[in-house]
1. With respect to residue 16, is the statement that it is aliphatic (A, V, I, L, M), within 30 Å of residue 67 (Cα to Cα) and in a loop (DSSP other than H, G, I, E, B) true?
2. With (1) assigned to a loop (DSSP other than H, G, I, E, B); (2) modelled with pLDDT of 90 or more as the list, and residue 3 as the residue in question, which single condition is left unmet?
3. Being exposed (fewer than 10 other Cβ atoms within 10 Å of the Cβ) and assigned to a helix (DSSP H, G or I) is the filter here, so list the residues in the range 26-47 that pass it.
Amino acid sequence: MYLNEEYQDDSINTAIEANEQAMDIVYDAVIKPMEGNLDEEQAYAVAIAGATLRIIAEKAYAYEKMQKGQDLRN
């Protein structure tokens, strides 16, 4: 796949949004077509990987907020 080096998606404002969009692409292009072929262990591994990436995005978002001096309390 070729991506234009000058491409910028200004609609992505946070690490969480970036993660959501990337996960949507991975799901549509890879996971959804393979769902019927995954055994239980593979499906579990994919779920764990998704949860892990979500946690990483949440931590990156907290870091983004910290860098901007925003309150991190819920």
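The values are calculated or read from the model by the stated rules, or taken from the named source; none is laboratory data. Just so we're clear, the structure is a prediction, and the values are computed from it rather than from any experiment. As a convention, Cβ positions derive from the backbone with ideal geometry for all residues, glycine included, and neighbour counts pool all protein chains shown.
1. Working: aliphatic (A, V, I, L, M): yes; within 30 Å of residue 67 (Cα to Cα): yes; in a loop (DSSP other than H, G, I, E, B): no.
Considered against the rule, which asks whether it is aliphatic (A, V, I, L, M), within 30 Å of residue 67 (Cα to Cα) and in a loop (DSSP other than H, G, I, E, B), residue 16 comes out as no.
2. Tallying (1) assigned to a loop (DSSP other than H, G, I, E, B); (2) modelled with pLDDT of 90 or more, residue 3 fails exactly one: (2).
3. Listed by number, the residues that qualify are 36, 37, 40, 41.
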